[in-house]
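Below you'll find the structure, written out as C-alpha cells, and then a few comments.
The values are calculated or read from the model by the stated rules, or taken from the named source; none is laboratory data. As the structure is a computational prediction, the values presented were derived from the model and not from experiment. Counting neighbours? That spans all protein chains shown, and the Cβs are built from the backbone with ideal geometry, glycine included.
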Amino acid sequence: MSTSAHGPLAGVRVVELAGLGPAPMASLLLSELGADVVRVDRPVPSPVSDFLERGRRSIVVDLKHPDGAETVLRLAERADVLIEGLRPGVAERLGIGPDAVHARNPCLVYGRMTGWGQHGPRAVSAGHDINYISLTGALAAIGRAGGPPQVPLNLLGDFGGGALYLVVGVLAALHHSRVTGVGQVVDAAIVDGVTHLAAMVWAERRHNGWADERGSNMLDTGSPYYDVYATADGGWMSVGALEPKFYAQFVELLGVPKWADSQHDRAAWPRMREAFAARFGARTRAEWEKVFDGTDACVTPVLSWSEAELDPHMTARIAHVAVEGGTVPAPAPRFSATPTRAAGPRTVPGTHSLQVLDEWRVRGTRELLSGGAVVQRPGSR
C-alpha cells in the first residue's frame, strides 16, 4: 500500500520521470500533499543529486530497452498525473510524449517543466536558474545601486517560478480533468513563472514609475526604510517599515525621531540612510532584537540557516521536522481537515519496482521484469 495515504491529494497517482531541480521539487510537494508519487529512475543513477527524492517510491525503467517506453505508458494508464523535466522533444523521441500517453489515458494531466518553455528560439538550449531569470528582467532588478546584479540562490527561478507554478498548473488541470474527463498538457516554463511572479513590479513600472536602475526603488534597497543594516557585532537587521504608522514607530525606537516626517522625501534619503546605519552600528544585533521584539516597527534580525532552525517563532511553528537523522523543512501550506506530513527518507532506486507494478495492477508485470525493461533491486520487494 502507498505510504502517502494522507493529505488533500490522497488517492492521486503521479508518475515522475527522474530529474533534477524544479520537477523533483514539484513532485516532493505533491507527495507531501498526499499524492502517491512513483519516481521512474534510470538503471544507472545520476552522479548528481539535489536530495529532493524523498517521499516517493522508486521503479527503475530502462528507457533504452525495447519495452522501456511501454512500461512508462502502462504506468501512465494507471496514473492521474505524469511529470517530466526533459528538454522539448526528448519525451516524444523516447515514445512517452503527451500524444502517446493520452492515447492510453485521455484523462491524464501531463506536466512539463522546462526553463525556456516548449517553444521559442531558446527552447532546446541548455540553461540554469540564473540564465532563465536573467531573461525576465528579475535578475537585473536585484542588487544595490552602482553594483552588479545579485544572484538570489536558485529560489526565484527553479522553485518560485518553476516548481510552484508547475504544481499550480497540475492541480488546476487535475480539477478540470475530474470535472470533464479530459486531460491536458501543462507547459510550465521558468521564464513564464518568474515573469508572472513579478506581476506587482510590472504594475509598479506601468503605474508608479518603477525604474530599471537597481537600488532606486522602494523595495530594492532604494529606500532607507526597506533595507538591511549592519550592527556593532557584524550582524544584520532587516527593516521593512513601509506604512507610515510602522515607520513612525521604527524611527522612534531606533532613536532618530527627527526623520519622522521625511519618509517619502527622496532628497533626504541619503542622509536618512547614513543616520540609520550609524544607529544600528552602535549596538549589537541582540541588543536591537530586544528593542524591536514584539513591536510593529517591522524590524527583525537577519538569521543564518542554522539560526533560523532554532528561532523561537520558527520552532513554535514547527518549521523543521526530523527525517533521515536530520531536519527538513516541514510541509507547507497547512490544512485543517487533511493534515499533511513531511516526505519520508529517500530510497534506493528500484526498491519498489515490483511493489508498484503489482499495486497499480500494471499489465505484464512479470514479463517487464524478466525481460529487463524494469529492474528490481536485490533484497527489496
Residues in region 142-179 that are in a loop (DSSP other than H, G, I, E, B) and either among the polar types (S, T, N, Q) or touching a helix residue (DSSP H, G or I) at 6+ places or on another chain (Cβ under 9 Å) (or both) total 7
How many residues of region 128-144 are closer than 22 Å to Ala203 by Cβ and surrounded by fewer than 21 Cβ atoms within 10 Å (Cβ to Cβ)? The answer is 6
Log entry, pairs with first residue in region 221-233 being farther than 14 Å from Asp265 by Cα, second being assigned to a strand (DSSP E or B) and among the hydroxyl-bearing types (Ser, Thr, Tyr), beta carbons closer than 7 Å, six or more apart or on different chains, reads Val228/Ser238
Selection from region 367-381 of residues that are in contact with a Leu (Cβ under 9 Å, 6 or more places away or on another chain) and of a type outside the set (A, V, I, L, M):
Gln376, Ser380, Arg381
So which pairs qualify, if the first residue must be in region 253-268 and assigned by TED's automatic domain parsing to the domain that holds Val299 and exposed (fewer than 11 other Cβ atoms within 10 Å of the Cβ), the second must be aromatic (Phe, Trp, Tyr) and part of a helix (DSSP H, G or I), the Cβ gap must be under 9 Å, and the two must be at least 6 apart or on different chains?
none
With the checklist (1) more than 16 Å from Ser216 (Cα to Cα); (2) touching a helix residue (DSSP H, G or I) at 6+ places or on another chain (Cβ under 7 Å); (3) buried (at least 19 other Cβ atoms within 10 Å of the Cβ) in hand, flag the one item Arg279 doesn't pass.
(3)
The listed residue being outside the structural domain of Ile133 (by TED's automatic domain parsing), at pLDDT 95 or above and within 21 Å of Leu164 (Cα to Cα), out of Pro22, Pro8, Pro88
Pro8
Can you go through Gly127, Gly147 and tell me which one is over 26 Å from Leu29 (Cα atoms) and at pLDDT 95 or above?
Gly147
I need every pair where a residue in region 166-185 that is over 16 Å from Ala26 (Cα atoms) and surrounded by 18 or more Cβ atoms within 10 Å (Cβ to Cβ) has its Cβ under 9 Å from the Cβ of a residue that is aromatic (Phe, Trp, Tyr) and at pLDDT 95 or above, sequence separation at least 6 or different chains.
Gly183/Tyr110; Gln184/Tyr110
Failed item in (1) farther than 24 Å from Arg178 by Cα; (2) touching a residue at least 60 places away in the same chain (Cβ under 8 Å), with Arg87 passing the rest:
(2)
Within region 14-35, does at least one residue satisfy the condition of being more than 26 Å from Arg104 (Cα to Cα), in contact with a Ser or Thr (Cβ under 6 Å, 6 or more places away or on another chain) and surrounded by fewer than 19 Cβ atoms within 10 Å (Cβ to Cβ)?
no
Please verify whether region 282-296 includes one or more residues that are touching a residue at least 60 places away in the same chain (Cβ under 8 Å) and within 30 Å of the chain's Cα centre (by Cα).
no
Name the helices (runs of 4 or more DSSP H) wholly within region 272-381 that hold at least 1 residues that are not assigned by TED's automatic domain parsing to the domain that holds Asp50?
285-292, 305-310, 312-316
